[in-house]
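Report on the following structure.
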Amino acid sequence: MNNFKINIKGQVNTVSLPAYKALWPLFETIVNSIQSLEDSFNAENGEITIIANRTSERQLDLKGKEEITPFYEFEVIDNGNGSNDTNYDSFLEAYSSLKIEKGCKGIGRFLWLKAFSSVHIKSVFKLKNEWYKREFDFTADKGIEPENNTAITDERNFLTRVKLTNFAYKYKTKAPISLELLGRKIIEHCLLYFLKIDCKMKCARDIG
């Protein structure tokens, strides 16, 4: 039995994320979705949806013109394999080697908490002809809540939704404000993946 524990807040503090890399946690989430689709039953019909939310409050400049407010929250939704037992166990292990052949270092989830105060994950997956739902919050202070987060569900479609919430000021002020530029940055970062697999990406939605 492995009795090692990890202090999540301490681990987050050791992760370097310069302000100019503000979008890297979002990129990490999108790449996770792409990789989940690569080996899934839905590989040929894979879909990734990105939702970008702004604050509802609008600001006026000195000329009285309404200014666009920064994004404060992102959601990435896919229909890949989801948070099955193998993937969830890997999530619980710092520096997991599960996807090392894909070039992953196993620290992406700590990047999330470097730039966002909390992450909410919901995943519906299939195991031995039974459908399960796993849903939990992930924060630096409390880790995973609840720990017992798996239940049989009536939902019958693969779904993983990752919501990155409360973008830290240091990073959101350095991230693109326009939806067009945000989309361009995502395509630039993930271009090799888009060329390699037939993955449908719906255009990002700007809410707020």
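Among the residues of region 139-163, those that are in contact with an Asp or Glu (Cβ under 8 Å, 6 or more places away or on another chain) and over 20 Å from THR49 (Cβ atoms) comprise THR139, ILE144, GLU145, ASN149, ILE152.
If only one of ASN13, ASN87 is within 18 Å of ALA140 (Cα to Cα), open to solvent by 30 Å² or more (accessible area, probe 1.4 Å), modelled with pLDDT of 85 or more and part of a helix (DSSP H, G or I), which one is it? Working first, answer last.
Details: ASN87 fails: within 18 Å of ALA140 (Cα to Cα).
Of the residues listed, the single one that is within 18 Å of ALA140 (Cα to Cα), open to solvent by 30 Å² or more (accessible area, probe 1.4 Å), modelled with pLDDT of 85 or more and part of a helix (DSSP H, G or I) is ASN13.
If you go through region 119-168 and keep only what is at positive phi and open to solvent by 30 Å² or more (accessible area, probe 1.4 Å), you end up with LYS128, ASN129, ASN166. Considering region 16-52, the residues that are over 13 Å from TYR193 (Cα atoms) and acidic (Asp, Glu) include one that is least open to solvent (accessible area, probe 1.4 Å), namely GLU47. Across region 144-193, the qualifying residues are those that are in contact (Cβ under 8 Å) with a residue 24 or more places away in the chain and aromatic (Phe, Trp, Tyr), and the one among them that is nearest to SER90 (Cα to Cα) is PHE158. Applying the criterion of being within 19 Å of the chain's Cα centre (by Cα) and among the charged types (D, E, K, R) to the residues of region 31-77, the residue that is modelled with the lowest pLDDT is ASP39.
The values are calculated or read from the model by the stated rules, or taken from the named source; none is laboratory data. These figures come from a predicted structure and were not determined experimentally. Neighbour counts run over all protein chains shown; Cβ positions are idealised from the backbone, glycine included. Note: accessible area is taken over every heavy atom of the protein model, side chains too, but ligands, DNA and RNA are not part of it. Shrake-Rupley method; radii C 1.70, N 1.55, O 1.52, S 1.80 Å.
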